[in-house]
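Comments concern the structure below.
The values are calculated or read from the model by the stated rules, or taken from the named source; none is laboratory data. Remember, predicted model here, so these are calculated numbers, not experimental data. No Cβ is skipped: glycine too gets one built from the backbone with ideal geometry, and neighbour counts run over all protein chains shown.
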């Protein structure tokens with residue numbers, strides 16, 4: 001009896017590699033989302049700190065030129081925050097796409113896993129039948145047992161460990 005050979009082994013290996021690559025991309029996308037969120041938090045903290053400082057200076061009395069300068073700085077910080085939020089949103093979309101790609105790759109690999117398992121079971125069943133056939137043939141050929149009644153009827157030998 002031939003040893004087990006999965007007919008789609010090369011495709012099965014390829015699907016496993018594709019799943020692993022997709023999983024790594026997803027992990028990288030998650031890290032990018034976390035980094036973008038950290039940048040958003042930092043920008044938000046800087047804006048909050050600058051706003052509080054601006055309000056304190058306005059309360060202490062601030063010249064119009066200084067007020068205009070401070071206000072321009074706050075607008076720049078708001079733009080930085082807005083840009084970082086956009087980067088974070090893009091990272092979230094990329095992460096979702098990477099997760100979807102990983103799930104598709106996983107599903108394709110699992111489909112081949114199930115097909116491989118069915119082929120393996122079919123091979124095992126064929127191997128057991130072949131082994132039983134060989135044992136039956138050996139039992140029929142054994143000298144001294146023919147006609148002794150020890151194998152009367154359709155009996156089969158079972159393999160014992």
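Quick check: anything in region 31-51 modelled with pLDDT of 95 or more, closer than 30 Å to residue 111 by Cα, in a helix (DSSP H, G or I) and out of contact with any strand residue (DSSP E or B) (no Cβ under 9 Å at 6 or more places or on another chain)?
yes
Checking the condition surrounded by 12 or more Cβ atoms within 10 Å (Cβ to Cβ), within 30 Å of residue 99 (Cβ to Cβ) and either free of Cβ contacts under 8 Å to residues at least 24 places away in the same chain or in contact with a helix residue (DSSP H, G or I) (Cβ under 9 Å, 6 or more places away or on another chain) (or both), which residue from 66, 53, 32 passes? Walk me through how you get there before you give the answer.
On the way: 66 fails: within 30 Å of residue 99 (Cβ to Cβ); 53 fails: within 30 Å of residue 99 (Cβ to Cβ).
None of the other options fit; the residue is 32.
Report, by residue number, each residue of region 69-84 that is touching a helix residue (DSSP H, G or I) at 6+ places or on another chain (Cβ under 6 Å) and within 30 Å of residue 23 (Cα to Cα).
Correct list: 84 only.
Could you give every pair whose Cβ atoms fall below 8 Å, whose first residue belongs to region 102-129 and is more than 15 Å from residue 6 (Cα to Cα), and whose second residue is modelled with pLDDT under 95 and in a helix (DSSP H, G or I), counting only separations of at least 6 or pairs across chains?
105/15; 108/15
Only residues that are exposed (fewer than 13 other Cβ atoms within 10 Å of the Cβ) and under 28 Å from the mean Cα position of the chain (by Cα): list them for region 36-50, please.
Matches in region 36-50: 38 only.
Is region 126-134 home to any residue that is touching a helix residue (DSSP H, G or I) at 6+ places or on another chain (Cβ under 7 Å) and in a helix (DSSP H, G or I)?
Scanning region 126-134 turns up no residue that is touching a helix residue (DSSP H, G or I) at 6+ places or on another chain (Cβ under 7 Å) and in a helix (DSSP H, G or I).
Count, please, the residues in region 1-29 that happen to be more than 25 Å from residue 81 (Cα to Cα), touching a helix residue (DSSP H, G or I) at 6+ places or on another chain (Cβ under 6 Å) and in a helix (DSSP H, G or I).
The total comes to 9.
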